[in-house]
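Below: the structure, in structure tokens.
The values are calculated or read from the model by the stated rules, or taken from the named source; none is laboratory data. Note that the coordinates shown come from a computational prediction; the quantities given were computed from them, not determined experimentally. No Cβ is skipped: glycine too gets one built from the backbone with ideal geometry, and neighbour counts run over all protein chains shown.
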Amino acid sequence: MEEKRRNEQDVWDEVKRLMGNKQITLGHHWSFNLYNDPKRLSFVLSRYKFAAKMASKNKDVLELGCSEGIGSTILSEFAKSYTGVDMDIDAINAAKQNLSSDKMNFIQDDFLGKSYGNFGTVVSLDVVEHIIPVSEQLFFKTIYINLAEDGIGVVGTPNMTSAAYASLASQTGHVNMFDEKKLKTAMERLFHIVFVFGINDEIVHTGFSPMAHYLVCIGCRKKAGIEA
Amino acid sequence: MKNNKSRSCWEPVKDIMGKHKVIFGQHLSYQFINTPRRILHMMSYYKFASKIIGKGKNVLDVGCGEGLGTWLLAAECGRAKGIDTDYEAIETGRKNWKDSKVSFDYVDFFAVDSNETYDAIVSFDVLEHILPENRFKFWNKVAELSDDNGIAVIGTPNITSDQYASPVTKAGHVNLYSGERLEEELGSIFSHVFMFGANDEVVHTGFLPMAHYLIAVAFHKRRL
């Protein structure tokens with residue numbers, strides 16, 4: 001046999017040739033998160049994967065509060081299009097630089113009360129707890145006005161019952177915590193059908209909600225109108 | 001007004017975050033763009049390893065790539081060293097993770113000096129890239145580098161999932177394992193082997209042939 005004798009290095013070099021040479025530079029937000037608590041990346045990505053599995057396939061997806069786009073590639077993988085909005089200019093610049101494409105679009109804006117189109121899915125993870133209570137209604141209304149008639153809304157936020165264990169950075173930013181009842185009630189103002197899931201670490205489940213570290217609420221069948 | 005208020009409550013968080021910038025190298029960047037869920041799966045394997053290993057341990061991460069998981073092991077377990085034969089990946093790791101808890105070496109696992117032993121040897125997605133004729137060289141090195149009370153956490157894709165693998169993934173796989181073979185080979189080096197399966201980010205003890213990924217936890221090395 002004249003087959004060339006390969007070693008492990010040759011095999012890996014072949015893989016590297018297939019991978020291309022794009023380089024991702026994270027911004028301050030995710031660089032901090034990775035330094036501070038690297039396992040959080042797996043928790044956050046699993047929330048995005050769950051949202052993507054529920055409601056991204058062949059849909060135009062809008063994400064409200066996308067930060068640097070850490071979950072954008074998961075949300076857009078099977079979507080028709082992806083739009084991410086965030087008011088943090090550094091975060092949006094990082095997202096644009098790393099990920100902008102025909103399919104993925106990032107907008108720097110304070111999204112409260114604004115419409116960006118008619119989307120099949122609106123996702124907002126780890127955002128509502130940063131919205132001051134007086135703007136809460138407007139936050140949910142923003143999801144509503146961006147959704148197409150048969151659209152699906154996905155909202156995730158840390159459970160109020162886990163607040164005691166939150167880090168300083170988390171506690172500093174959290175100004176409006178939710179438990180299952182409060183989140184479900186808020187979503188039921190927009191949707192006829194609302195499902196609530198719990199997440200502990202990276203595992204999504206339907207267990208006893210006060211012991212869930214994180215809550216994800218999925219709303220579908222939009223109501224005809226919402227109270228102002 | 002409202003908008004300005006909600007904007008301002010993000011600012012204190014930004015103050016805490018500081019000005020670090022983590023740069024992904026070729027491999028993680030490829031994954032982040034093309035197969036982003038793989039990063040989730042990998043990080044959950046590392047989290048699993050860190051929980052199994054525990055606190056106050058010195059860990060060797062074999063085939064650490066760019067060292068994102070090595071940093072998780074260091075942060076959670078106390079100390080970690082990552083080694084890899086990919087020079088660019090090691091340089092990426094060194095640049096991103098500057099901390100006394102973590103270090104990186106550009107060195108072939110087979111050539112690692114066995115004067116230093118570790119509380120735990122972790123190796124994810126390496127075994128399937130080792131040529132079959134070198135596999136016992138690999139196991140012996142794992143045993144050699146682990147402390148008498150050390151544990152090994154070895155993860156590799158299940159051979160039963162190979163039919164679904166992407167071309168890029170398949171290009172590198174030269175030594176795929178079933179649960180039985182992994183348990184048997186590790187069992188010849190260590191007295192106890194616990195077998196886990198992983199599907200996506202969930203690590204479990206379910207029916208192994210249907211597990212996408214295999215993670216073996218082995219300890220109490222045999223006197224050879």
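Below is a table of values for the structure above.
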{"quantity": "Which listed residue, of A:Thr157, A:Thr206, is modelled with pLDDT under 95 and under 18 Å from A:Met54 (Cβ atoms)", "calculated": "A:Thr206"}
{"quantity": "Any hit, the range A:77-94, residues being at the interface with another protein chain (Cβ under 9 Å from one of its Cβ atoms), in contact with a Pro (Cβ under 9 Å, 6 or more places away or on another chain) and part of a loop (DSSP other than H, G, I, E, B)", "calculated": "yes"}
{"quantity": "Yes/no for A:Met87 being surrounded by fewer than 24 Cβ atoms within 10 Å (Cβ to Cβ), under 20 Å from A:Arg189 (Cβ atoms) and touching an Asp or Glu at 6+ places or on another chain (Cβ under 6 Å)", "calculated": "no"}
{"quantity": "B:Glu91 vs. criteria at pLDDT 95 or above, among the charged types (D, E, K, R) and over 20 Å from A:Gly20 (Cβ atoms)", "calculated": "no"}
{"quantity": "Failed item in (1) in a loop (DSSP other than H, G, I, E, B); (2) within 27 Å of A:Ile199 (Cα to Cα); (3) over 17 Å from the mean Cα position of the chain (by Cα); (4) among the acidic types (Asp, Glu), with A:Glu68 passing the rest", "calculated": "(3)"}
{"quantity": "Enumeration of residues in the range B:108-131 that are touching a strand residue (DSSP E or B) at 6+ places or on another chain (Cβ under 9 Å), within 13 Å of another protein chain (Cβ to nearest Cβ) and part of a loop (DSSP other than H, G, I, E, B)", "calculated": "B:Asp108, B:Asp125, B:Val126"}
{"quantity": "Index of the failed condition, A:Trp12 passing every other in (1) within 10 Å of chain B (Cβ to nearest Cβ); (2) crowded, with 21+ Cβ neighbours inside 10 Å", "calculated": "(2)"}
{"quantity": "Any hit, the range B:85-104, residues being away from every other protein chain (no Cβ under 12 Å) and part of a strand (DSSP E or B)", "calculated": "yes"}
{"quantity": "In the range A:143-178, the residues that are farther than 15 Å from A:Cys217 by Cβ and within 14 Å of chain B (Cβ to nearest Cβ)", "calculated": "A:Ala166, A:Ser167, A:Leu168, A:Ala169, A:Ser170, A:Gln171, A:Thr172, A:Gly173, A:His174, A:Val175"}
{"quantity": "Single residue of the range A:110-144 satisfying the filter (exposed (fewer than 15 other Cβ atoms within 10 Å of the Cβ) and either at positive phi or among the β-branched types (Val, Ile, Thr) (or both)) that is farthest from the chain's Cα centre (by Cα)", "calculated": "A:Val134"}
{"quantity": "Residue that is facing chain B (nearest Cβ under 7 Å), within 19 Å of A:Ala169 (Cα to Cα) and part of a helix (DSSP H, G or I), where the choices are A:Leu41, A:Leu18", "calculated": "A:Leu41"}
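This table checks each residue for (1) in contact with a His (Cβ under 7 Å, 6 or more places away or on another chain); (2) assigned to a strand (DSSP E or B); (3) touching a residue at least 12 places away in the same chain (Cβ under 8 Å); (4) aliphatic (A, V, I, L, M).
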{"residue": "A:Asn105", "(1), (2), (3), (4)": "no, yes, yes, no"}
{"residue": "A:Val122", "(1), (2), (3), (4)": "no, yes, yes, yes"}
{"residue": "A:Leu138", "(1), (2), (3), (4)": "no, no, yes, yes"}
{"residue": "A:Ile152", "(1), (2), (3), (4)": "no, yes, yes, yes"}
{"residue": "A:Ala164", "(1), (2), (3), (4)": "no, no, no, yes"}
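Condition check ((1) within 14 Å of chain B (Cβ to nearest Cβ); (2) free of Cβ contacts under 8 Å to residues at least 12 places away in the same chain; (3) touching a Leu at 6+ places or on another chain (Cβ under 7 Å)) across all residues:
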{"site": "A:Met187", "(1), (2), (3)": "no, no, no"}
{"site": "A:Phe191", "(1), (2), (3)": "no, no, no"}
{"site": "A:Phe195", "(1), (2), (3)": "no, no, no"}
{"site": "A:Ile199", "(1), (2), (3)": "yes, no, no"}
{"site": "A:His205", "(1), (2), (3)": "yes, yes, no"}
{"site": "A:Met211", "(1), (2), (3)": "no, no, no"}
{"site": "A:Val216", "(1), (2), (3)": "no, no, no"}
{"site": "A:Arg221", "(1), (2), (3)": "no, no, no"}
{"site": "A:Gly225", "(1), (2), (3)": "no, yes, no"}
